[in-house]
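The values are calculated or read from the model by the stated rules, or taken from the named source; none is laboratory data. Everything numeric here is computed off the predicted structure, so don't read it as measured data. Ideal geometry is used to build each Cβ from the backbone, glycine not excepted, and the neighbour counts take in all protein chains shown.
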Amino acid sequence: GESVGLHLPTLSVQEGDNSIINCAYSNSASDYFIWYKQESGKGPQFIIDIRSNMDKRQGQRVTVLLNKTVKHLSLQIAATQPGDSAVYFCAESSGYSTLTFGKGTMLLVSP
Amino acid sequence: GAVVSQHPSRVICKSGTSVKIECRSLDFQATTMFWYRQFPKKSLMLMATSNEGSKATYEQGVEKDKFLINHASLTLSTLTVTSAHPEDSSFYICSAHLRDRGLKDTQYFGPGTRLTVL
């Protein structure tokens, strides 16, 4: 799993670049994964999800990739915009409903 | 769809008082709701799972007598922080579980409640 750190990992990109945010998970029994976006002072917002029987899923400007062999999840954001600046959390679930959250990555998009 | 509200969004209270936070699923029924706590620049920490019509399940280290949870209906869960102290100051977030027709279990989150205990 991910260790608890003092500072959030930060990814800084220029507007228009593609962003890739990574997440390692620890539970090999996890079969459902979700990416959430959290803006300052707000609750997490659902972005995209993927089941373990898939290795890729695309949404609008976002793609989630799942590598079960190495227990790795990534979120790709195409043509990143300033409004994408936020903290991004991956979450995993096995069986019914309870989610385990990763520590989060802060995405900073500069114009 | 899948909108979750929380009330209040911010609350400031004196030490020793109790504070109630409401979580509502506005356009769907949720048999299960969850309560999280989040410290600055940290991830969400699950406090408890709230099931409609039954007692909440608390995570290890969370005092059930301190954080009272009631899930009285399929659209409402409440968290009451009893005898609040400054160390209870935090961002409290609820989520509601929605199982869609594809049998995926997704949690939708409320906007959070900022609690400050003086």
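Just a few scattered comments:
- For B:S54, the conditions (1) surrounded by fewer than 17 Cβ atoms within 10 Å (Cβ to Cβ); (2) in contact with a Leu (Cβ under 7 Å, 6 or more places away or on another chain); (3) among the hydroxyl-bearing types (S, T, Y) are fulfilled apart from (2).
- When A:S52, A:S12, A:S26 are screened for being of a type in the set (S, T, Y), at pLDDT 90 or above, more than 14 Å from the chain's Cα centre (by Cα) and surrounded by fewer than 14 Cβ atoms within 10 Å (Cβ to Cβ), only A:S12 passes.
- Sole residue being modelled with pLDDT under 90 and touching a Phe, Trp or Tyr at 6+ places or on another chain (Cβ under 6 Å), chosen from B:L44, B:L98: B:L98
- Strands (runs of 3 or more DSSP E) contained in the range A:2-111 and holding at least 3 residues within 13 Å of chain B (Cβ to nearest Cβ) and closer than 24 Å to B:T49 by Cα: A:32-38, A:45-51, A:86-93
- Whichever residue in the range B:1-24 is within 13 Å of chain A (Cβ to nearest Cβ) and small (G, A, S) and, among such residues, is surrounded by the fewest Cβ atoms within 10 Å (Cβ to Cβ): B:G1
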